[in-house]
1. Mind giving me the FRET efficiency for VAL77 and GLU23? R0 is 41 Å, r the Cβ-Cβ distance, nearest 0.05 is fine.
2. Mean residue ellipticity at 222 nm from the helices of the chain, using -39,500 (n - 2.57) per DSSP H segment of n ≥ 4 over the full residue count, to the nearest 500 deg cm²/dmol?
3. I'd like the chymotrypsin sites (Phe, Trp or Tyr not before Pro) in segment 64-113 restricted to DSSP loop residues with at most 11 other Cβ atoms within 10 Å, sorted by number.
4. Within a Cβ distance under 14 Å of ALA9, other residues only, what is the Lys/Arg minus Asp/Glu net charge?
5. How far apart, in nm, are the 7 Å Cα→Cβ label points at ARG13 and GLU146?
6. How far, in degrees from 0 to 90, does helix 76-96 lean away from the longest principal axis of the Cα atoms of the chain, to the nearest 10?
7. Which net charge results when you count Lys and Arg as +1 and Asp and Glu as -1 among the other residues whose beta-carbon is under 13 Å from that of THR43?
8. What angle, in degrees between 0 and 90 and rounded to the nearest 10, separates the Cα long axis of helix 158-167 from the longest principal axis of the Cα atoms of the chain?
Amino acid sequence: EIGTSGIAATAARLEAVGDPTPEDLFALGALRFLGALEQALQTRWNTGVSANLVYLPVLRLPIPENPNPQPFDPALVTTLFTDISARMDGARAPLLAIPADADFGIEIAFDDIWFDINANTTRDAGEDMATVLGPMLMGWQREMREPGTPLPVVRFDAADAAWLTAYTHL
């Protein structure tokens, strides 16, 4: 669903679930987490901040150039991180609602994850997870992957809910 509909649409569907399962809650928390990154990438794209600022979270992720950016606002960095922080609070809420004794598993194919950087609701070149997060997650090993090699499918479980909750505090 993420691969075809995107992060925001998939999160919106899960938010409408009346009686969410632990899997639903984990997926919603993960999508809100990814949605915070997506919104930050969109903010950067809108204002033409595509330079890789190596030491700053989110600002170091590679994004395509915007051919017609809005004028730069010096408050961008403060606004960007304030928005991320608020959205991380939203990501944390469903994760904390997962019962402590929940036993669940959810598989996510990393090839399905993409960030709608230019906010056109279409999966465009340069918006896939491997391009955006690959350099940070895989480092120099990213260049050693065979072209066309699929990214892993990862099974997340209850322990990962605690892990993701911790990341929402970063």
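Only the coordinates and a few stated rules stand behind these numbers; no lab work does. Predicted model only: the values in this text are computed from it and were never measured. Backbone-built Cβ (ideal geometry, glycine too); neighbour counts: all protein chains shown.
1. Working: r = 36 Å, r/R0 = 0.87.
Approximately 0.70, to the nearest 0.05.
2. Values: 7 runs with 79 residues, N = 170.
Rounded to the nearest 500, the figure is -14000 deg cm²/dmol.
3. Numbers: sites: PHE72, PHE81, PHE104, PHE110; in loops: PHE72, PHE104.
Answer in residue order: PHE72.
4. Values: positive: ARG13, ARG32, ARG123; negative: GLU1, GLU15, GLU38, ASP112, ASP116.
Within the 14 Å Cβ shell, the charges total -2.
5. 3.2
6. Taking Cα atoms only, the helix is inclined about 10 degrees.
7. Values: positive: ARG44, ARG87; negative: GLU38, ASP73, ASP83, ASP116.
Within the 13 Å Cβ shell, the charges total -2.
8. The helix 158-167 is inclined about 30 degrees to the chain.
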